[in-house]
1. Could we say that A:Ala294 is more than 12 Å from chain B (Cβ to nearest Cβ) and open to solvent by less than 10 Å² (accessible area, probe 1.4 Å) here?
2. Restrict the check to region B:55-71 and report whether at least one residue is under 16 Å from B:Ser279 (Cα atoms) and open to solvent by less than 80 Å² (accessible area, probe 1.4 Å).
3. Could we say that B:Tyr202 is within 29 Å of B:Arg178 (Cα to Cα), open to solvent by 20 Å² or more (accessible area, probe 1.4 Å) and touching a Lys or Arg at 6+ places or on another chain (Cβ under 9 Å) here?
4. Could you identify the single residue in B:Val167, B:Val195, B:Val158, B:Val184 that is open to solvent by 10 Å² or more (accessible area, probe 1.4 Å), within 13 Å of another protein chain (Cβ to nearest Cβ) and in contact (Cβ under 8 Å) with a residue 12 or more places away in the chain?
5. Identify all residues within region B:123-142 that are open to solvent by less than 10 Å² (accessible area, probe 1.4 Å) and in a helix (DSSP H, G or I); write none if there are none.
6. Residue under question is B:Gln256, and the condition is that it be closer than 30 Å to A:Ala277 by Cα and either open to solvent by 10 Å² or more (accessible area, probe 1.4 Å) or not in a helix (DSSP H, G or I) (or both); does it hold?
7. From the list B:Leu271, B:Leu209, B:Leu287, B:Leu275, which residue is assigned to a helix (DSSP H, G or I), open to solvent by 30 Å² or more (accessible area, probe 1.4 Å) and away from every other protein chain (no Cβ under 11 Å)?
8. For region A:136-241, which fully contained helices (runs of 4 or more DSSP H) count at least 2 residues that are without any contact (Cβ under 8 Å) to a residue 12 or more places away in the chain and exposed (fewer than 13 other Cβ atoms within 10 Å of the Cβ)?
Amino acid sequence: MSNTKQYIVKRFVYLLATMFAVSVVIFGLANALPGNVARTILGSYATEDKVNALEAQLGLNDPLYVQYLDWLHGVLTLNLGNSIKYGQPITELVIPKLLNSLQLAGVTMVIVVTIGIALGVVSAVKHNGRVDSVISTFVYAGVSIPEFVTGLLLILLLGGPVFSVFPASGYVSPFESVVGWGTHMFLPALTLSIVLMTHVVRQTRSEMVEALNSEYADAARLKGLSRQKVIIKHALRNSLLPTITVIALNFGYLMGGLVVVEELFAYPGIGRLVVGAIRNRDLPLIQAAVLVIAFTYTFGNFLADILYTRLNPQIDYS
Amino acid sequence: MIPDNRLTKPTRTNRFYRLHRVADRLRWFTKNDKILYPSVVISVIMVVSVLGPYISPFDPTATHPTETYLAPNAKYLFGTDHIGRDLLSRVLIGGRSTLLLGVGSTALAMTFGVPIGLLAGIKGGYIDEAIMRVMDVIMSFPTLLLALILLTSLPSNVWTAMLAVGVVFIPKISRVVRSSTLEVKNEEYVEAARVRGESDGYIMFYEVLPNIIPPIAVESTIRVGYAIIIGASLSFLGLGAQPPAPDWGYMIAQSQNHIWQTPWFLIWPALFLGLTIFSFNVLGDGLRDELDPKVTGDQV
């Protein structure tokens, strides 16, 4: 057990080191931008004197490492200054958007887990049958179609005049209307879930096929247990560990997919915030939003690793 | 103990022994559907893209203002878009930038990723540790996001998009190459080369590389599929191909505001984009089946 703890501590230190490195990379890349922040803020008609004065005020003439430390201090104290474009404090812009994105990610995960595992089980039970090949084709197609295409096809199918069940854009707070929240969430979440679902289906299927052909499954059948009991209680329970790992590892992928899907569905999340900030060359906002996504991503991977060690006691920690 | 004959410098035939075996296998590749069919589809798409300007019925950027939003008909086989451009002509030529981006960025990623992976694998120790930690940091960003950040400081066009996607994929390629290198670095032929006193560079490129071609082939094929997805997504976000270029990703992005007037605007480029990526995925899978490399690529 102390071995596990040691591993977790080591992994946590590694997480912090990664986050530090990530912050350096983001700061470096953002400062490689050719644009002049002071000029962007003041507009192209400002006099050279005014630009210089603002640069001094923002600390842009300091050496880079001083600027980095200032910024890092801002990150740690959640005080990142104002967005150039919106003039609002960045923290106020980023946090609500992040919460919206996490809701979308959560709903997506629920869809991925329930439908993905169910399809994987069905596929394994009907191994090599017609249903299995239909599901396999779907899996292949799922990884081959970019999210914005799936999203548009779903809008075409479910968002329009034919079946106008689901709105194709926007977001409604669950405190305002739970139904509105659900319907607005449905299309983007479904779009995001398709690629991830294919991984889950594939993983569950191969684990289940193996489990159903195992000796303990035979033993359970010989005991006279019903088909359902063998499938769910015996085979599925033993197939879930690798599937859970796949799901956890894919959380990071989800954070990347958010950018495109939020833009497509005009969903007010962190991904859309980044795209907007990049279009407006809103440097401080780009830095902050990208940092938040990258942190969430590395933290997700960290949790996946920990979860895996917790669930699989046989793992070698070295 | 290493037999004496292994200590002599290998002849050309010996050195490329594994490559010959790969060529032998090529002959029965045609027996595997997962290799045959996608290869045919990819070849057809490539030929059509190259011949595009010569076989397309209309100028892909010419507008026909009186014939907008048309469904497929005798004059415009695929229909027309919102400003009356012929969708067939645009789709035929649109494959160029898509394939260029997919293949070009993968080639770029391999140019840097393969030597980096070989170096990390052969040197080991601190050099390996340092290289892989840097790669880990690059991989701490979602792929598409990193490409986006790289593009903020560059002008938006197909070439910069290719550059960004290529850079983003370097760590993924180098990881696969590194672990393949680790698998073969203790083989007898590598040891023999060491005993002969060959340099690390020689061992990397003449002993190890020819023997890890199969996993690299699988990885790069799958990478092309992912590169096309990311490139198309960048075009969709307005950071890749620019108007009025006929690019599938860009066409799909444009169709967003017009799908109610004509779904064909979306369906044709989506169909061809999907088919292309699908073919690369199936081909990668088929190659994996045939070559059976132990190392497999990770996800996007």
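1. Values: more than 12 Å from chain B (Cβ to nearest Cβ): no; open to solvent by less than 10 Å² (accessible area, probe 1.4 Å): yes.
When the stated conditions are applied, A:Ala294 does not pass them.
2. Of region B:55-71, the ones under 16 Å from B:Ser279 (Cα atoms) are none.
Looking for residues that are under 16 Å from B:Ser279 (Cα atoms) and open to solvent by less than 80 Å² (accessible area, probe 1.4 Å), one finds none in region B:55-71, hence no.
3. Working: within 29 Å of B:Arg178 (Cα to Cα): yes; open to solvent by 20 Å² or more (accessible area, probe 1.4 Å): yes; touching a Lys or Arg at 6+ places or on another chain (Cβ under 9 Å): no.
For B:Tyr202, the condition - within 29 Å of B:Arg178 (Cα to Cα), open to solvent by 20 Å² or more (accessible area, probe 1.4 Å) and touching a Lys or Arg at 6+ places or on another chain (Cβ under 9 Å) - is not met.
4. Values: B:Val195 fails: within 13 Å of another protein chain (Cβ to nearest Cβ); B:Val158 fails: within 13 Å of another protein chain (Cβ to nearest Cβ); B:Val184 fails: within 13 Å of another protein chain (Cβ to nearest Cβ).
Being open to solvent by 10 Å² or more (accessible area, probe 1.4 Å), within 13 Å of another protein chain (Cβ to nearest Cβ) and in contact (Cβ under 8 Å) with a residue 12 or more places away in the chain holds for just one of B:Val167, B:Val195, B:Val158, B:Val184, which is B:Val167.
5. Taking region B:123-142 and keeping what is open to solvent by less than 10 Å² (accessible area, probe 1.4 Å), we get B:140-142.
Within region B:123-142, none qualify.
6. Values: closer than 30 Å to A:Ala277 by Cα: yes; either open to solvent by 10 Å² or more (accessible area, probe 1.4 Å) or not in a helix (DSSP H, G or I) (or both): yes.
Yes.
7. From the options B:Leu271, B:Leu209, B:Leu287, B:Leu275, the qualifying one is B:Leu209.
8. On the way: elements: A:147-158, A:178-212, A:215-222.
Qualifying helices (runs of 4 or more DSSP H): A:178-212, A:215-222.
The values are calculated or read from the model by the stated rules, or taken from the named source; none is laboratory data. Keep in mind the model is a prediction, meaning the values are calculated, not measured. Cβ coordinates were reconstructed from backbone atoms using ideal geometry, including for glycine residues, and neighbour counts include every protein chain displayed. What goes into the accessible areas is simple: the full protein's heavy atoms, side chains included, and nothing from ligands, DNA or RNA. Shrake-Rupley method; radii C 1.70, N 1.55, O 1.52, S 1.80 Å.
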